[in-house]
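The values are calculated or read from the model by the stated rules, or taken from the named source; none is laboratory data. Being a predicted model, the structure only gives us computed values, none of them experimental. Here the Cβ positions follow ideal geometry from the backbone for every residue, glycine too, while neighbour counts run over all protein chains shown. We work out accessible area using only protein heavy atoms, side chains counted, and drop any ligands, DNA or RNA first. Shrake-Rupley method; radii C 1.70, N 1.55, O 1.52, S 1.80 Å.
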Amino acid sequence: MSKIQTWFPTSIYYVENLISEQENNKLVDYIKWKSKEIKRGGESWFTDVYNTHQTYCIHTDEIFSNLFNAVKKETIDFAKKLGSDHEYNIDGSWWNIYNENDYQEYHYHPDSYFSAVYWFTNPEGSGDLIFQSPLTPIARPFKNLTANNLTSETCYYNPPPCSLVIFPSTLMHMVYRCKNKTPRITGAFNLV
């Protein structure tokens, strides 16, 4: 008897309809209004994406309370499935506004256990969120390889608005160059 065993899987948690469309739309309007007065963050990045990293924490603003409570709950549920019963809390959060030609280079979040991305908007042409496998790539790819979840070196997410992805903070990720004509708006969360 033979079977494939997966010893070093990389787990990513995915949820759609995290909050209602009505509440999400209210938050989008708030972000667009508030962005006019908040200084751009993320100064150490190469990209010009407008974000509020280290200039404004969305999890400290009461208007986002249902969202950050849902992010925290889903992260704790994910952690339990991975064998951790710790109550993870949001330690940092910000929003990103991607316009046409914006992208985000590969990076990871070294000071947290879990990170999450929430899609407020994701218009046609928006760049994919891309994760890179933490495993050393195969030096010589197999012949006639059709990549799947056992052999792929990357995976992609481009979900509808109100979706959430939670992942280990050390997982390298990026956003592919956007071709959207209206803003792609996401929220980022780090949990400790």
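Structure summary
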| read-out | value |
| --- | --- |
| Normalised contact order of segment 24-179, rounded percent, pairs of Cα under 8 Å and 6 or more residues apart | 28 percent |
| Amide H within-cut-off set for residue 91, under 5 Å, with H built and near neighbours excluded | 190, 191, 192 |
| Accessible area of residue 82 in the full protein assembly, 1.4 Å probe (Å², nearest 10) | 90 Å² |
| Local electrostatic count at residue 182 - Lys and Arg +1, Asp and Glu -1, tallied over other residues with Cβ under 12 Å | +2 |
| Net dipole in debye of segment 34-119 [+1 Lys, Arg Cβ; -1 Asp, Glu Cβ; about Cα centre; nearest 20] | 160 debye |
| In order through segment 76-87: 3J(HN,Hα) via Karplus (6.51 cos²θ - 1.76 cosθ + 1.60), integer Hz, x for Gly, Pro | 5, 4, 4, 4, 4, 5, 8, x, 10, 9, 5, 8 |
| Simple label model, 7 Å out from Cα along Cβ direction - residue 132 to residue 154, nm | 1.0 nm |
| Restricting segment 1-51 to GluC sites (Glu not before Pro) in coil, as DSSP defines it, with at most 12 other Cβ within 10 Å | 16, 37, 43 |
| Volume per residue of the C-alpha convex hull in segment 57-131, rounded to whole Å³ | 123 Å³ |
| Rounded to the nearest 20 debye, dipole of the chain from Cβ charges on Lys, Arg, Asp, Glu | 500 debye |
| Fraction in percent of alpha-carbon pairs per bin - 10 Å, segment 18-72 | 21, 48, 28, 2 |
| All aspartates and glutamates inside 14 Å of residue 72 as judged from Cα atoms, apart from same-chain residues fewer than 8 positions distant | 85, 87, 91 |
| Largest-first ordering by accessible area, 1.4 Å probe, given options 98, 103 | 103, 98 |
